[in-house]
1. Region 28-115: percent of C-alpha pairs farther apart than 23 Å?
2. Could you tell me how many degrees, from 0 to 90 and to the nearest 10, lie between the Cα long axis of helix 9-25 and the main elongation axis, the longest principal axis, of the Cα atoms of the chain?
3. Rounded to the nearest 0.05, what FRET efficiency do residue 277 and residue 24 give with R0 = 25 Å and r taken as the Cβ-Cβ distance? Could you check?
4. Quickly work out the residue 188-to-residue 62 label distance, labels modelled 7 Å from Cα along the C-beta direction, and quote it in nm with one decimal.
5. From the convex hull of the Cα coordinates of the chain, what is the mean projected area in square nanometres?
6. Using only Cα atoms, locate the centre of region 179-251 and the centre of region 8-25, then give the distance between them in Å, rounded to an integer.
7. Given the DSSP H assignment, sum -39500 (n - 2.57) over each helix run of at least 4 residues in the chain and divide by its residue total; what's the result at 222 nm in deg cm²/dmol, nearest 500?
8. Label point 7 Å out from residue 17 along Cα-to-Cβ: which residues of region 249-279 have amide N under 17 Å?
Ligand code: NAD
């Protein structure tokens, strides 16, 4: 079987074209505050790519560096100050956080109207309740990528591998809202292959290079790879062993070039939406 490649580049370009127009129409450039409290190279790379994306779209982006040993109190104080600052439209808290700082503890200091990556307990609760709010961009990107490639969700069995608050859990909520039947797998799942090989759509979001191989995937299934893992040659690879899945799956999203560009595009769209709603 030929395995189609579910690229996200075309969809990201379309979202970005619209975002750029809306940012220009906003008058003063929409402003994103990116709060960083780590010295992780992968995070620095991601922050840099977000800043470049913002610049291309006419969005102002401030990087606020609190250092890798910032306390939970310092991070909360910064997020509260930016939440109260009328010049800031959107706030994003970069992970990883310093050892001992729990995301849910500090993210509640981001006001929901500026929480463009939907990470605060309030935003996640709104999503679980089916109420309007910002949705975590990565989870939204998975659903939008499937929609773009005309892959229906209603009534289909989707296995999500990963249960984090920023990817797996919100994704499960979005898939339920789209009428899919969802199984969430995680590090304590007893027989991963038995579950994923029974699913029509598999989404890998575990952060483990090569976790899913051909034996995890049913013939003709759709596979979305959210994982971004550093490869030995310095590039990035997904959670899916593409070589062993190719020829078995009907479609697979590439890493890089699949979920990633759509995630960034949606995040920037949220920034402009936050600006439009606050002015
Ligand atoms: P996380 O470490 O917070 O969560 C990983 C989840 O995977 C956990 O729930 C864990 O239970 C599960 N898991 C780990 N090992 C497993 C195993 N062997 N079998 C089954 N489940 C297992 O990670 P995260 O923040 O949710 O991110 C997941 C991946 O997605 C990472 O690779 C991250 O870099 C990537 N990511 C990509 C984008 C993007 O735009 N493409 C955005 C955010 C995160």
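No value in this document is a laboratory result; all are computed from the given coordinates. Bear in mind the structure is a predicted one, so any value in this text is a computation, not a measurement. Cβ atoms come from the backbone with ideal geometry, glycine included; neighbour counts cover every protein chain shown.
1. Looking at region 28-115, the distances longer than 23 Å represent 18 percent of pairs.
2. That helix lies at roughly 20 degrees to the long axis.
3. The computed FRET efficiency comes out at 0.90.
4. Result: 4.2 nm between the two label points.
5. Over every viewing direction, the Cα hull of the chain projects on average to 14.1 nm².
6. Region 179-251 and region 8-25 have Cα centres spaced 29 Å from each other.
7. -12000 deg cm²/dmol
8. Within reach of a label on residue 17: 262, 265-266, 269.
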